[in-house]
1. Within segment 202-227, restricting attention to residues that are under 29 Å from residue 261 (Cα atoms) and small (Gly, Ala, Ser), which residue is nearest to the ligand (Cβ to nearest atom)?
2. Tell me whether segment 202-209 contains one or more residues that are buried (at least 17 other Cβ atoms within 10 Å of the Cβ) and in a loop (DSSP other than H, G, I, E, B).
3. Is it true that some residue in segment 12-31 is near the ligand (Cβ under 10 Å from one of its atoms) and farther than 21 Å from residue 126 by Cα?
4. Does residue 393 qualify as being at pLDDT 95 or above, more than 30 Å from residue 286 (Cβ to Cβ) and either surrounded by fewer than 20 Cβ atoms within 10 Å (Cβ to Cβ) or among the basic types (Lys, Arg) (or both)?
5. Being crowded, with 16+ Cβ neighbours inside 10 Å and either farther than 18 Å from residue 54 by Cβ or basic (Lys, Arg) (or both) is the filter here; which residues of segment 140-154 pass it?
6. Name the single residue, out of those in segment 368-383 being aliphatic (A, V, I, L, M) and over 13 Å from residue 200 (Cβ atoms), that is nearest to the ligand (Cβ to nearest atom).
7. When the residues of segment 315-336 are filtered to those that are within 13 Å of the ligand (Cβ to nearest atom) and not in a helix (DSSP H, G or I), which remaining residue is farthest from residue 140 (Cα to Cα)?
8. Does residue 407 count as free of Cβ contacts under 8 Å to residues at least 24 places away in the same chain and not in a loop (DSSP other than H, G, I, E, B)?
Amino acid sequence: MKVDAIVLGAGIVGVSVAAHLQKRGRSVALVDRRGAGEETSYGNAGLIQREGVYPYGFPHDFGALLRYATNRTIDAHYHLSALPKLAPFLFRYWLNSRASHHEAIARQYVRLIEHCVAEHRALATEAGVDSLLRPIGWMQIFRTEKELQEAIVEVDEWRRHFGVESDTLDRAALRAAEPHLDQSLVGAVHFTQPDSVSDPGALADGYRKYTEKLGGKFIIGDARTLEQNGAGWRVATNEGTVEAGSAVIALGPWADLVTVRLGYKLPLAVKRGYHMHYKPQGNAVLNHPMLDVERGYFIAPMARGIRLTTGAEFANRDAPKTPVQLGRAEPIARALFPLGERVDQEPWMGCRPCTPDMMPVIGPAPKHANLWFAFGHAHHGLTLGAVTGRLVAELIVGEKPFVDPYPFRADRPGLR
Ligand SMILES: Cc1cc2nc3c(=O)[nH]c(=O)nc-3n(C[C@H](O)[C@H](O)[C@H](O)COP(=O)(O)OP(=O)(O)OC[C@H]3O[C@@H](n4cnc5c(N)ncnc54)[C@H](O)[C@@H]3O)c2cc1C
């Protein structure tokens, strides 16, 4: 089979690249070892985070570091055995999270983030899956007045510098918006711009179907077989060898399986995370997704039930699941909202594909012609899927990119 472009990986990033290429008249073979949107893009918290202008940094205050060191928190957990291998990544991540560096990164990152809702809405509408996007925003909820006031100051800065919009809810307003929550909460910050996706896996699969409707082909195959073929590329699939003028690596946490073989030493790592779905008890309803800021877990109303997601687990990508954060969060979440029985047989686990400077890798591969990178989206891969898809497609076909891709290139200082 001969096509214009091979897109490796059918997570939300790969399917978005494929749809945008096919829309521009380029024939695409979208290749994955399994169905579209069945890995990380299946199990996330479902937020398209317009407010996420500061990518999640490594804490710098001594108290937080001490708390994490005990390895007993809900928001972070680590495998001691993984730390020696992770240490160089963590050190660089920590350096980049210093206030001045973090702010400089946010100023570049916002150029992508500011388009996230509009780009998903446009693509989802064309794909006929816009009903999966709910314009309900999401909330940070607070147990103490002190934390609420600190958050109000912080989001006011985001509003002034980055156009982030939010409402503050006092105790009564929160009670009116979410009558079934624990009544002792003091209030919330409600980010009003983000969309919440009721079924993130279905969104990715909807983009896959749209690509096929436009003439693209979805094929099961192993990305590790990618090799150069003259000026182009080829990959082995269940339907034979596919040849193409260009190839895009959109393999999320598995990108290194291909990039290392091609001679790239990118400092990539993963932050693992878990989810579990619950039935609500009786007639209890959760109207918004929400982060229990002072406890460090997230709950969201989703198609399958109420999805509880956990923070970062620092571990080797392929190590067995250790859902201790889920175990710690569950009783606290049950006291927050009347959760009923578990829906899933076992906790789901996914790996956020991370870079030490917290920004994704988007653009041409520095050492190979006609090879493109689209990975490393960390906590914001769902958020930035459609933005990255459009940007990479524009670069490949030679259109003027709607966002300057330079800060996200693979040979930037933050990745050397
Ligand atoms: C608990 C949790 C909560 C999150 N919440 C949010 C959120 O609310 N908002 C947000 O924006 N982001 C969130 N994220 C992050 C987001 O889910 C990821 O950044 C995003 O899904 C990454 O998408 P991707 O397409 O790069 O990777 P993936 O979705 O992992 O896709 C990679 C694809 O590559 C394929 N693949 C791997 N190896 C091979 C191979 N050898 N051959 C062929 N194919 C291969 C896989 O099968 C997979 O389909 C969350 C993540 C977690 C874990």
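1. Applying the filter and picking the extreme gives 223.
2. No, that holds for no residue.
3. yes
4. Numbers: at pLDDT 95 or above: yes; more than 30 Å from residue 286 (Cβ to Cβ): yes; either surrounded by fewer than 20 Cβ atoms within 10 Å (Cβ to Cβ) or among the basic types (Lys, Arg) (or both): no.
No, not satisfied.
5. 141, 142, 143, 148
6. Of segment 368-383, the ones aliphatic (A, V, I, L, M) are 369, 371, 374, 378, 382.
Now restrict to residues that are over 13 Å from residue 200 (Cβ atoms): 369, 371, 374, 378.
Working: 369: 22, 371: 16, 374: 7, 378: 6 Å.
The selected residue is 378.
7. Keep residues of segment 315-336 that are within 13 Å of the ligand (Cβ to nearest atom), which gives 315, 317-318, 321, 323, 325-326, 329.
Checking which are not in a helix (DSSP H, G or I) leaves us with 315, 317-318, 321, 323.
Numbers: 315: 27, 317: 29, 318: 32, 321: 28, 323: 23 Å.
Residue satisfying both the conditions and the ranking: 318.
8. On the way: free of Cβ contacts under 8 Å to residues at least 24 places away in the same chain: no; not in a loop (DSSP other than H, G, I, E, B): yes.
For residue 407, the condition - free of Cβ contacts under 8 Å to residues at least 24 places away in the same chain and not in a loop (DSSP other than H, G, I, E, B) - is not met.
The values are calculated or read from the model by the stated rules, or taken from the named source; none is laboratory data. In this text the structure is predicted, and so the values were computed from the model without any measurement. Glycine gets a Cβ as well: all are built from the backbone with ideal geometry, and neighbour counts include every protein chain shown.
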